Each structure stands twice: as C-alpha cells, then as structure tokens.
1. Got a sec to turn the phi values of the stretch B:287-297 into Karplus ³J(HN,Hα) couplings, 6.51 cos²θ - 1.76 cosθ + 1.60 with θ = phi - 60°, whole Hz, x for Gly and Pro?
2. With +1 on the Cβ of every Lys and Arg and -1 on the Cβ of every Asp and Glu, and nothing else charged, how large is the dipole of the stretch B:68-210 about its Cα centre, in debye rounded to the nearest 20?
3. What's the angle, to the nearest 10 degrees (0 to 90), between helix A:6-27's Cα axis and the longest principal axis of chain A?
4. Nearest 0.05, what FRET efficiency do residue B:195 and residue B:217 give at R0 = 30 Å with Cβ-Cβ as r?
5. Dipole of the stretch B:346-425 (Lys/Arg Cβ +1, Asp/Glu Cβ -1, origin at the Cα centre): which of B:388, B:378, B:413 lies farthest to the positive side?
6. What are the residues whose amide H is under 5 Å from the amide H of residue A:137, where those residues sit 5 or more places off or on another chain and H is modelled from the backbone?
7. Need one number: nm distance between label points at residue B:368 and residue A:294, each 7 Å from Cα along Cα→Cβ, rounded to one decimal.
8. Per DSSP helix of 4 or more residues, -39500 (n - 2.57); summed, then divided by the residues of chain A. What does that give at 222 nm, rounded to the nearest 500?
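The values are calculated or read from the model by the stated rules, or taken from the named source; none is laboratory data. Worth saying up front: this structure is predicted, and the values here are computed from it rather than measured. Neighbour counts run over all protein chains shown; Cβ positions are idealised from the backbone, glycine included. Note: accessible area is taken over every heavy atom of the protein model, side chains too, but ligands, DNA and RNA are not part of it. Shrake-Rupley method; radii C 1.70, N 1.55, O 1.52, S 1.80 Å.
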Amino acid sequence: MKNINRRNFLKFSSALTFASAGLTSNAKAAPNNILSPDRMGVLVDTTHCVGCRNCEWACKTSHGHDAGDIEKYHNREVFKEFRRPKDHSFTVVNEFENPKNELIPINVKYQCMHCDKPACVSACIVGAFQKNEMGQVTWDGGKCIGCRYCMVACPFQIPTFEYEKAIEPNINKCDFCFERTSKGGIPACVEICPVEALMFGPRTELIRVARQRIKRNPERYKNHIYGEKEVGGTSWMYLSSVDASQLKLPKHKDKTAPGVSESIQHGIFAYFVPPLALYAWLGGIMWISKRRKEIIQEVVEEEAK
Amino acid sequence: MKNYKLYIVLLFLTAGTILLFGSNLKEMKYLSQVEDKNQIKTQKYVQTKPAEAAGEMPKDHSKMEIDCKTCHYCEYPTINEPCLISCPRKDMVSVHHAADEGPEIVELDMIKGDYGVVVFSHKLHAEMSEMSGGCESCHHYNTTGPVLKCITCHEPNRIREDLSKPDLEAAYHRQCLSCHRQWSRETKCQACHINENSPDRAKAIQRIKNSKHPAVHEPEKIVYETIYDKGKLVTFYHDQHVNTYNLNCVSCHHDENCMRCHDVNLKKLRSDAMESQRKKVHKSFEDHHQACIKCHEKDDCGKCHRDRELQRFDHFTSTGFDLKPRHTNLKCTSCHKEAGNYKGLSKNCTSCHSNFAEGKFDHRRIGLELDEVHADLSCGDCHKNNNFANQPKCNDCHDDKYFPHDLPGKKISLVVKDNKVTKTVKKK
C-alpha cells in the first residue's frame with residue numbers, strides 16, 4: 001500500500017469515475033418502466049374487515065417469524081394502542097371508531113402499499129430496492145448498506161430496521177409475499193382472511209370492482225379508492241366508509257413521491273452544466289482571491305525592497 | 001502552477017458526483033431488475049372455472065311473474081346459452097317463505113378448514129328474520145324458483161376470474177359476522193365452528209338443534225316523550241294494539257335490528273355514566289312516525305300527542321256505546337266495514353242488524369224476556385220512532401210505570417261463551 005501516494009490515488013479515482021460512467025451508458029438500453037399492465041394488487045375493503053388479525057399471524061408464519069398461537073390474535077385489547085408495522089410484523093391491524101355505527105368499529109390493515117413509483121427504490125443509493133414487473137416492491141439484503149434512506153423516503157413510513165441486531169441488520173417490510181405471488185399464488189394474508197376484506201387480483205380489475213361497489217352502495221362507501229392515484233398509484237388500495245385520513249392513511253397528492261426529488265436531482269445535474277458552472281464559479285473565486293494575495297505579496301515585497 | 005493540481009482534483013470530483021448521483025442511480029436500479037426479469041416472466045394469474053350451479057331452475061319458470069330481463073340479458077335465453085346477468089344484479093329478486101318451509105338445521109361443511117363444520121340453526125334464524133329483513137337478508141339475489149345454495153353463485157376458490165362477488169368462505173363469514181360480531185365484539189371462531197375432535201361435539205350440536213328464540217317480552221304501555229312543548233307525551237298501548245286491534249308483530253316490526261336486544265354493551269352504554277360517550281341517533285320526522293302512519297294517516301297530531309298520559313281506549317267512554325256484553329269479542333272491522341274509517345256508525349241496533357225487524361227479533365237476546373202482553377206489541381209502541389238507542393217510553397199506556405224501574409217482562413242473565421250468547425232464565 002506504500003505506492004498509494006496522492007498522484008496514484010487521483011489516477012485510480014479518475015479511472016473509477018470513467019468506468020462507472022461507461023457502465024451507466026450501457027444501462028441506458030434498459031426499459032424506463034417495466035411495470036406490467038396486468039400487475040397484481042390487493043383491494044382492502046375496510047367495511048368488511050372484522051379485525052380478527054389472522055392476517056398478522058399468517059404474515060409472520062409465512063415469513064418465518066415467531067408467530068405463536070393464532071387464538072391469541074383474536075384478543076382485541078391490542079386495539080387500544082395505535083400500532084405500526086415493525087421489523088418482525090410486516091402488517092398490523094388497527095381499530096377506529098365508526099361514526100356511522102358504534103357497534104361495528106372500523107379495522108384497517110397496514111402494510112407496504114407497493115407504490116407504482118416507489119420512493120424507496122428511488123432513494124436507495126445501491127439499488128437494493130426494486131419494483132418488480134407484477135407490482136411487488138422487494139428488498140435485496142445482499143446489496144443493502146444500511147443507510148436507511150428508504151425509511152426516510154417512504155411516504156407511508158413502512159420500511160423498518162432491525163435495531164436490535166448489531167451485525168447485519170435487515171431492512172424489513174412487506175414483500176407482497178414475493179415467494180408466493182411470483183409463482184401464481186396469493187399473499188398469505190389474503191389467503192387467510194375469513195371475510196375476503198383483502199381481495200387479490202389484477203390491479204385494473206380491482207379498480208373496476210371497487211368502482212362497482214361504490215356505485216352500488218353509495219351509502220356504505222366514500223367515493224374514493226385510496227391508492228388508485230395517491231403518490232402515482234399503489235398496488236394496495238383501500239375502500240372505506242369514512243375519509244381515509246380518519247383511518248390514519250396519510251393524505252397524499254397524485255404526484256409520485258420520487259418525482260419531486262428526482263426532478264430536483266436531475267435538474268441540478270442536467271448535462272453536468274449546473275455543477276460545472278458552480279465549480280467553475282468557485283474555482284474562479286479561488287483563483288481571483290489567490291491572485292489578489294499574490295499581488296498584495298508582490299506589492300509588499302516591492303515596498304520592502 | 002501549484003494550483004493546477006487542485007483544479008484537476010476538483011474536476012474529477014465534479015464528474016464523479018454527476019455520474020453517481022445524477023443518472024447512475026436510476027440506471028443501476030433497472031439494471032438489477034433486468035437480471036430478475038426472466039424469473040418474473042413465469043408468473044401468471046391462475047384462472048379457475050366458475051363453480052357449477054348447485055340448484056337448477058324449474059322448467060316452467062318462464063311463466064312466473066317476473067321480468068325475464070331481471071336475470072337474462074338476451075331476448076331468447078336457452079339452456080345452452082342462458083346469457084345470465086352476473087350477480088350481484090342491478091335488480092333484487094327476493095324469496096318469501098315461512099320459517100317452517102326451510103330446513104331446521106343446515107350443516108355448513110363445504111369448506112374444509114381447521115375449525116370444523118358450522119351447524120347453523122336455519123329455522124331459528126328464519127323465525128327471527130321475519131321481524132327483520134326476511135329471507136332475502138341472507139338469500140339475496142335469489143331467483144323466484146328454488147332457494148339457491150350459497151355455492152351456486154359464490155365460488156369456493158379465492159383465486160378466480162370474477163372478483164365482483166366474494167368467494168364462498170367470505171360470503172358465509174360476511175353474512176354471519178355482520179350481526180354476530182356486533183353484540184359479542186368478538187371474532188372467536190369457536191362461537192360457530194365445532195371441531196370434529198371436540199369431546200363436547202355431540203352435545204353442542206344437540207344444543208343448537210334444540211335452541212329456540214326466548215319469548216320476547218311484550219310491553220303493556222310505552223309513554224314516549226317528544227320534543228314538542230304542546231302535546232309532549234305520546235302514550236302507546238302495545239297490548240291493545242296486539243289484542244284489540246289484532247295487529248300481528250310483523251305489521252310494525254318488519255325492520256328490526258337484532259342489536260336492539262342483543263347488544264351486551266347497550267345496557268352499559270345507556271347508563272347515565274356513559275352519557276358523554278353516547279351519541280344520539282337522530283331520526284327524521286318520517287322515521288319517527290313510520291310505525292304508526294300506516295293506520296293513523298288520517299288522524300290529527302292531537303290524537304296521539306297529548307299533554308298528559310292518555311287513557312286506555314274504551315269504546316263506552318269514547319263513543320258512548322258499550323260493547324259489553326255482546327260485542328266484546330268482535331273484531332273492529334266486523335262493524336266498521338269501511339277500511340280506516342271508524343266513525344259514522346249509529347248506536348241504533350238496526351243500523352247494523354238489518355234483520356232486527358218487526359216480529360223477527362227475539363227480545364231475549366238483550367237479556368229481557370217480554371211477558372205475554374208486551375210480546376204482542378209492535379217495536380215502535382215502546383221504542384219511539386224505532387230508535388232502540390234511546391230509553392223505551394212506558395207512558396203511552398201506563399201512567400205510573402217507568403223504565404228501567406219497571407220492566408215489561410223478566411230479566412235473564414246472559415253467558416258469553418265462545419263468542420256465542422247463551423241464556424239462562426233467572427227469576428227476578
């Protein structure tokens with residue numbers, strides 16, 4: 001390592017930069033959006049959910065987490081506190097008061113929404129996250145460096161981090177049961193739901209069914225499919241009898257989450273002009289100030305003579 | 001010249017930053033996806049055939065009183081091409097059967113699960129539904145023919161082509177839980193499912209088979225306090241509406257909610273301590289009056305809305321015509337023939353009894369047997385102008401006789417039994 005002096009380091013780093021530049025120019029042949037028009041989704045009908053939490057049990061079981069006895073999940077005491085998905089519970093069900101009928105509370109399941117334009121994918125600096133053709137947003141532990149940018153970027157605050165683990169902690173979130181759904185199966189939570197409050201199917205078909213339900217039963221449903229357009233559309237969508245914001249589903253506009261950050265990033269670095277201009281400007285200032293010092297020095301030296 | 005090295009470093013750094021953050025990120029992302037793309041291509045949505053119909057329509061159902069277009073979308077449906085409109089249909093077709101017509105117990109064992117079959121007390125639920133939504137509260141979108149099984153429309157597979165209606169498991173659970181979870185606030189599977197290995201299985205099935213809805217407590221009188229200053233109280237005699245006016249339960253209680261009685265928390269919620277947590281359900285003017293308006297449409301508000309509690313209806317105090325003893329067991333409509341109109345009848349017997357004519361009337365029927373002298377007189381001799389409602393006059397013939405102090409015969413007591421009057425002669 002003794003050979004690494006300043007000159008060699010500069011040579012090495014410049015070579016690396018050009019190499020990566022070459023790599024990116026090759027990658028430009030890849031499609032810009034590989035989402036399938038038949039991609040799958042899940043329609044969550046909160047008016048049917050009974051809050052049995054079987055989905056939580058099924059999720060843990062199918063992901064190899066310690067699930068325990070399913071009967072314990074039927075205890076409704078947990079609803080006293082609002083819960084969020086955790087590193088070993090990718091999905092949680094919460095309960096809200098029903099203003100229309102106090103005897104039937106509203107239960108809402110939370111998990112990764114599997115955005116069509118995921119912010120986590122955009123924010124991940126090593127490409128550990130990816131949006132798959134059939135809708136699933138998955139995470140690759142082999143690539144992850146644990147920066148947790150995804151956690152900050154997610155508009156639904158879904159990715160979680162295994163803080164307890166000192167060595168090789170994982171970023172955890174619902175993977176849409178990729179193992180099952182990539183082989184034509186259905187997610188574990190959808191399979192176990194006793195009332196089919198979770199309906200798995202092609203996203204376009206789900207939107208059609210959701211519209212039909214709203215039309216047939218305008219008193220039962222708010223005329224809004226949460227996730228159809230939010231943050232550019234999500235694979236998981238919600239129907240509810242009350243406003244989505246009352247169910248702690250964050251209010252989002254139709255703009256994609258990475259759309260804003262990416263446009264800023266791309267704008268800043270467009271054709272290298274802005275950074276070059278900035279550095280040139282800084283360099284100019286440096287040069288001028290340096291020059292001024294030299295002139296002063298010369299003047300001082302001349303005066304001294 | 002020393003500075004030139006620094007500028008080169010700056011330039012390289014700039015280029016590196018641009019490439020890494022500007023575009024590299026996005027391209028790298030897709031690069032990694034290309035690798036996995038071949039793997040995803042095998043993924044296909046599994047399609048299943050719709051379940052075969054469990055019940056068949058009767059052959060002559062085309063003659064039934066229902067528009068063919070309710071179920072068929074083409075002009076001439078055939079067996080091979082029935083062109084059925086998929087459920088849920090726009091128009092509701094409903095079935096109406098008595099609770100006894102259906103099965104007593106239905107064992108729901110179509111889905112093999114971990115929790116065992118459900119023994120469903122069909123008759124009990126059918127009886128209860130008579131006061132609520134009726135058969136169609138479960139058998140919705142049924143045809144006019146036989147009552148269809150759930151599986152006829154609801155497919156047993158969760159992965160299926162037609163997502164417009166829930167699968168069989170969901171259809172069962174939604175029907176049951178929509179009511180059951182309201183009063184128990186629980187989603188315990190064992191509340192309905194009986195495990196095949198359970199030692200109490202036989203006992204549990206027997207219990208369900210024998211279960212009957214407990215007798216419903218009928219109130220005698222309810223006094224409603226309304227929001228109006230004038231006519232604040234409405235007194236409702238429930239027993240009288242049932243017994244005297246012969247209204248059956250369903251004529252008022254057709255849209256009942258099980259929760260009116262079954263909610264375990266309702267009592268607690270109704271206590272004063274829970275006042276702050278209680279939400280007042282606002283009923284519209286129409287909803288409030290709906291139960292009464294069917295019969296009382298023509299009545300003024302003051303008929304029911306009074307400042308004090310209303311006395312029980314009594315025919316004598318209200319109209320002056322005593323129903324005792326011979327008219328007690330009659331239905332109101334036997335005399336008040338005109339529907340909804342209870343006014344305009346005369347107290348005079350002949351206004352109803354046209355057969356009470358001269359020489360035909362057996363005077364013993366009113367409890368007075370005329371003696372021989374009076375029996376030969378014509379009616380108008382005592383009853384002036386043949387008006388039987390007024391007191392008979394004796395002073396045309398007698399100077400010192402007055403009815404009812406003096407009688408033109410002897411009194412007989414009457415025994416009313418099985419709506420028929422029998423007479424026993426009794427000496428005065």
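1. For the stretch B:287-297, the Karplus-derived couplings read 4, 4, 9, 4, 5, 8, 4, 4, 9, 9, 4 Hz, x marking Gly and Pro.
2. Working: 17 positive and 20 negative charges, 90 e Å.
In total the dipole reaches around 440 debye.
3. For A:6-27 against chain A, the angle is about 40 degrees.
4. Working: r = 35 Å, r/R0 = 1.18.
With R0 = 30 Å, the Cβ-Cβ based efficiency is 0.25.
5. The listed residue farthest towards the positive side: B:413.
6. Amide H neighbours of residue A:137: A:132.
7. 14.6
8. Details: 9 runs with 108 residues, N = 305.
Calculated at 222 nm, the ellipticity per residue is -11000 deg cm²/dmol.
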